Structures are given as C-alpha cells and as structure tokens.
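The values are calculated or read from the model by the stated rules, or taken from the named source; none is laboratory data. Predicted model only: the values in this text are computed from it and were never measured. Because the Cβ atoms are built from the backbone with ideal geometry, glycine has one as well, and the counts that use them run over all protein chains shown. Note: areas computed on protein heavy atoms with side chains; ligands, DNA, RNA excluded. Shrake-Rupley method; radii C 1.70, N 1.55, O 1.52, S 1.80 Å.
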Amino acid sequence: MSRRTQLLLNLLIFLTAALAGGCSSRNIDLSKAEDQMGFGVTMARSNLWREALFRFERAVEIEPGNPQALNNLAVAYEGVGEFEKARELYARALEADRVNPHIQKNYSRFVEFYSRNRKREEAQAATLPAPRVDAAGGSSAGAPVVLPEPEPPTGPGELPVGDEPADPTPPVPTVPPTIATPPPGDLS
C-alpha cells in the first residue's frame, strides 16, 4: 500500500471516528482527561501517533498524576521514536501506580526493546571504520582532507557478494504497545 493510500485511509478513519463521536449520545468534553485519553486511544489505534501524542499530553496537563494518561503518553512517545521521553514517562506512571498490570507489561516490554536496541547501536558505533585521508595527504592549505566513507548499500539483497552484515540478528519489529485504558466503570 502506498504512503498516499495509507494517509488517505488514516484520514478516513479519523473522520469516521470524529463523526461517530459527534453522533453519539455522550458529549465529549475535551477539558476532561478521560475524553482526551479516549480520543487519543482512537487516534493511536488508527496509527495517527502525533495526534494521539497531542491528546495524551493534554490529558497529562489536565491530570498530571493520572497513571493511565502517563502510560499512554509514554506509549505515544515510543510510537514516534522518542524513547528517552517514553522511558521517563513509564517511570512516572509506575510511581503513580506500581500494581497496574498494563503499565508493568508495557514498561517491561519497553525495557527489553530499549536495552537490546542500545546494545545494537553501541556495537555498530564500535565497529565504524576510521575516516580516510586522501592520497595526496592533505589540501593545499596543509590540513588533511577527510573523505567520507562510501555509503553502505541499502535495501534487501544489495550487499556485495561475500560481505556479511555487521549484525546478523534480525531487527526487532516495532510493535505498538498495548494502550492502557481503564475498564468501564473504573473512572472517577
């Protein structure tokens, strides 16, 4: 599916959700954290992570100590690739509610992914070759000229024959974490 088709599909889902929300018997009050979180969950499930992030940020502004809002905001930051912010928010969510199984599950899954990813990045950084100097040994000003390393091939099947990838382990798929939503009736 092309990127344009995916964007149009996401827009259609967004409009459908907005119309369904407008047609429901329940009024949405975006000054309430609960309603911001509900809208954010709908957007996250539609893969509209930036909108979900915005909604969860509003929910945390309204209720800074709400563990579900903090967890959902951490999930959204993880969804957009801002892992350090996600880690900080998971820690805050766990401080607010240490026994919530959704938060515990999301945090433990995140820690596993985050530590594995950091180890891979460190290993790749350690194996980077030193910069090359041109054959003449420098520029006319006497300073050595550093040539950039050639770009590695990208895409599947583009490695030169006989070369092995630096990291033979397959990449960890990015799976959106479970968004913790309180069961009906548990909201105050």
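Which order do peptides 91-102, 32-43 fall in by mean Cβ count within 10 Å, highest first?
32-43, 91-102
Give me the 1.4 Å probe accessible area per residue for the stretch 52-126, excluding ligands and nucleic acids, in Å².
On a per-residue basis, 52 Å².
Obtain the nm distance between the two label points defined at ILE13 and GLU95 by a simple spin-label model: each point lies 7 Å from its Cα along the Cα-to-C-beta direction.
Rounded to a tenth, the inter-label distance reads 3.3 nm.
Return the distance in nm (one decimal) between the two label points of a simple spin-label model at THR5 and LYS85, each offset 7 Å from Cα along Cα→Cβ.
About 3.2 nm separates the two model spin labels.
Under 29 Å Cα-Cα from LYS32, which lysines qualify once same-chain neighbours fewer than 8 residues away are excluded?
By straight Cα distance, LYS32 reaches LYS85, LYS105.
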